[in-house]
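Below is one structure; the comments refer to it alone.
The values are calculated or read from the model by the stated rules, or taken from the named source; none is laboratory data. These figures come from a predicted structure and were not determined experimentally. Methodologically, a virtual Cβ is constructed for each residue, glycine included, from the backbone with ideal geometry; neighbour enumeration extends over all protein chains shown. Please note that ligands, DNA and RNA were not included when accessible areas were found on the heavy atoms of the full protein model with its side chains. Shrake-Rupley method; radii C 1.70, N 1.55, O 1.52, S 1.80 Å.
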Amino acid sequence: MSTGNVVVTGGTAGVGRAAVRAFADAGYDVAVLARGAAGLKAAEEDVRAAGGRTLAVPTDVADPEAVERAAQQVEDELGPIDVWVNSAFAGSLAFFWDTTDEEYRRMTEVTYYGQVNGTRAALARMRPRDHGVIVNVGSAMAYRSIPLQSAYCGAKHAVEGFTEAVATELAHEKSRVRICMVQLPGLNTPQFSWNLNKMPGHPRPVAPVHQPELAGRAIRFVAEHPRRSIWVGISTAYTILGERVAPTLVRAYLARTGVSGQQTDADLPRHGSNVFAPRDDDTDRGAHGAFDDEAHSRDPVLWASMHRGALLAGAAASGLAGLAGLGWRRRH
């Protein structure tokens, strides 16, 4: 039995694909908006295998009219949208001065305006019903930019600011619609086999690397337990906190290690850049990339965030017990 209807943009690979599976496994019906035909078909099969209804809509999220049409098709065929997840993006590994204006604009349009377009389509349907959750997929790089990814970092900074503004506007009108963010670390996804690469080495995620299922789990959790933001990965925590405490030191460290740390000499597959054309049209790429051997499938930061109520209650109980013990010792 369905627990609701979910839309996932970029749901054919990586984080989006992991989110599709996480929602489907929990009993949701899931619509997938993306470009690659093989990826769309495989994502549909994932949802059907879990017993849910599904709909795959070929969509370029950078096109606001296409996103609006897709949203209407989802509501016409599956019913009212309860959750909308914006996870589509396009990225690169290149110095800013080696990136053309056309490439830069396209990555910004997909990664930033794709989330704006998705949010607009979702709110047009959720606000009149006063019901629904939007999950915008962010990154630790929304707070601390790194070299070779200026377009992606700029877009994620923009998504963070945009999301905070819209959340405040919803609070102003006392809406029960929620908009949340999930901040992610380096993940083992196919993006490193199909991002735009102008460096000598093969792109790789910044260590420590985590499996995309952790991101999928976080996205579903925050959709079911809406909050301002949730972090995945210890590296996300120390990146965001480090930027708050010692930004100059963090910049110096990344200037020294950030370029080499995003490349490997390993002979890994390359599928070509997906900035302008999908690379899962003929072959499904799935959720995982080429870094399974080093990717972590568990995360204490996410676990603590998902169980923060119990942890806070335990801390409060311990504090009260300590105060009671102190009072007893003083009396005796």
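Counting only protein heavy atoms and a probe of 1.4 Å, the accessible surface of the range 141-190 is 57% carbon and sulfur. For LEU55, the residues 5 or more places off, or on other chains, whose built amide H falls under 5 Å of its own are VAL30, ALA31, VAL32. What percent antiparallel are the DSSP beta bridges of the chain, to the nearest 5? Around 5 percent antiparallel, to the nearest 5. Loop-located GluC sites (Glu not before Pro) across the range 112-212 with a Cβ neighbour count of 12 or fewer within 10 Å are GLU173, with loop assigned by DSSP. Enclosing the Cα atoms of the range 115-235 in their convex hull gives a volume equal to 108 cubic angstrom per residue. Note on Rg and Dmax of the Cα atoms in Å: of the candidates [x] 19.5, 59; [y] 18.7, 51; [z] 20.7, 78, the value calculated from this structure sits at [z].
log₁₀ I(q)/I(0) of the range 184-271 at q = 0.18, 0.19, 0.20 Å⁻¹, via Debye over equal Cα point scatterers, no solvent, to two decimals? For the range 184-271, the Cα-only Debye profile gives -0.94, -1.00, -1.05.
Note on the chain: GNM, Cα springs under 10 Å; of PRO80, PRO203, PRO212, the largest mean-square fluctuation is that of PRO80. Kyte-Doolittle mean at least 1.6 and Cα extent at least 30 Å along the axis: which DSSP H helices of the chain qualify? Sorted by number, there is nothing, because no helix extends far enough and scores high enough.
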